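Visitor: A single structure is presented below for examination.
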Amino acid sequence: MNKHLKYVIGCATLLMLNACAFDGQLQRPEVDADPYEAVNRKIFAFNEGFYENVMFPIARGYRKITTPFVRERINGVVSNLQEPVSAVNHLLQLEFVDSLKSVGRFAINTTMGLGGMFDVAPAWKLDPNKTSFNETLASWCVPEGPYIVVPFLGASSPRGITGSVVDAVADPVYWVTYNDANIRDKIRYSYAAVKYTAVAEAYMDIYDDLKRNSVDFYSTMRSAYRQNQQKYKCRFAPQTDSHSYDFDFDVEEDMTE
């Protein structure tokens, strides 16, 4: 059996097992305590240094040598490459119409939108509706798990990390370059560099504002991440075969003697 097929089957099996083990709580009380806070704060401090001394200077340089029009075109291409990922996840969430819409958006924007530089799909009533494997797991009632700060990437959780890995494997760039060792690393690294530079440029002003207005920046970022995760709803909880029986043990007292 192809190893990629095994991987997909393994992920699907894990998803179903977690769904079957669902205990009714998508957000567990013990998660809110941030059990790894001491380690998380150290990684968070490391990430701050990386962002401010490496990533943001690169993003500022990128902003300086480009115009808003150019950045919008680059963001459009990156966003368009995520449409197949959304299509797969809509399918896993049993949203078949949305999955077809994502496929349609990718086809139209790749061709008529010049690789995604222009979002022309809304003219065909195909508005963007992005989703991820993290949301797929949440929809199947897989708990988020404890809050974790990932080196270089920031706030996440076991469910979030799993979602990011699966989405990365589902990325069309991964599959297009998989069988060609000569261009695989060159294209993947270049694509990742452009993608994360664009993300850093888009969010660094928000990051700076949050940091400037926070008493405890770590807590602010943790709260922002948690609130963002709360929009993901558990929709496919296993049905318990429970029956309710209403027995009336009251004895009527209107008997005639």
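Visitor: Using the Cα atoms of segment 98-154, I'd like the radius of gyration and the largest Cα-Cα distance, Dmax, both in angstrom.
Guide: Looking at segment 98-154, its Cα Rg and Dmax stand at 16.0, 44 Å.
Visitor: Next up: Using a Förster radius of 25 Å, what is the FRET efficiency between Asp127 and Gln230 based on their Cβ-Cβ separation? Nearest 0.05, please. Don't skip to the end; give the middle numbers.
Guide: Numbers: r = 23 Å, r/R0 = 0.93.
That pair, Asp127 with Gln230, gives E of 0.60.
Visitor: Label-point separation (nm) for Leu100 and Ala38, each offset 7 Å from Cα along Cα-to-Cβ?
Guide: About 5.6 nm, to one decimal.
Visitor: Here's another thing I want to ask about it. Relative to a virtual label point 7 Å from the Cα of Ala193 in the Cα→beta-carbon direction, which members of segment 58-73 show backbone nitrogen distances below 14 Å?
Guide: From segment 58-73, the list is 58-59, 62.
Visitor: Using alpha-carbon positions, what is the distance between the centroids of segment 201-218 and segment 182-196, in Å?
Guide: 28 Å
Visitor: May I pose another question? Just rank Glu72, Glu135, fewest to most, by other beta-carbon atoms within 10 angstrom. Write out the running numbers ahead of the final one.
Guide: Working: Glu72 13, Glu135 21.
Ranking Glu72, Glu135 by Cβ neighbours within 10 Å, fewest first, gives Glu72, Glu135.
Visitor: Taking only the C-alpha atoms, wrap a convex hull around segment 75-226 and report its volume per residue in Å³ as a whole number.
Guide: Working: hull volume 20.5 nm³, N = 152.
Taking only Cα atoms, segment 75-226 has a hull volume of 135 Å³ per residue.
Visitor: Ok, one more. Of Lys42/Lys64; Lys125/Lys233; Lys101/Lys125; Lys211/Lys233; Lys64/Lys195; Lys195/Lys233, which pairs sit farther than 21 Å apart, going by alpha carbon to alpha carbon? Spell out each step's value before the answer.
Guide: On the way: Lys42/Lys64 32 Å; Lys125/Lys233 26 Å; Lys101/Lys125 9 Å; Lys211/Lys233 29 Å; Lys64/Lys195 17 Å; Lys195/Lys233 28 Å.
Over 21 Å apart, Cα to Cα: Lys42/Lys64; Lys125/Lys233; Lys211/Lys233; Lys195/Lys233.
All of the numbers you see were taken from the coordinates with simple rules; none came from a lab. This one's a predicted model, so the numbers in the text were calculated from it and none came from an experiment. For neighbour counting, all protein chains shown are included, and Cβ atoms are generated from backbone atoms with ideal geometry for every residue, glycine included.
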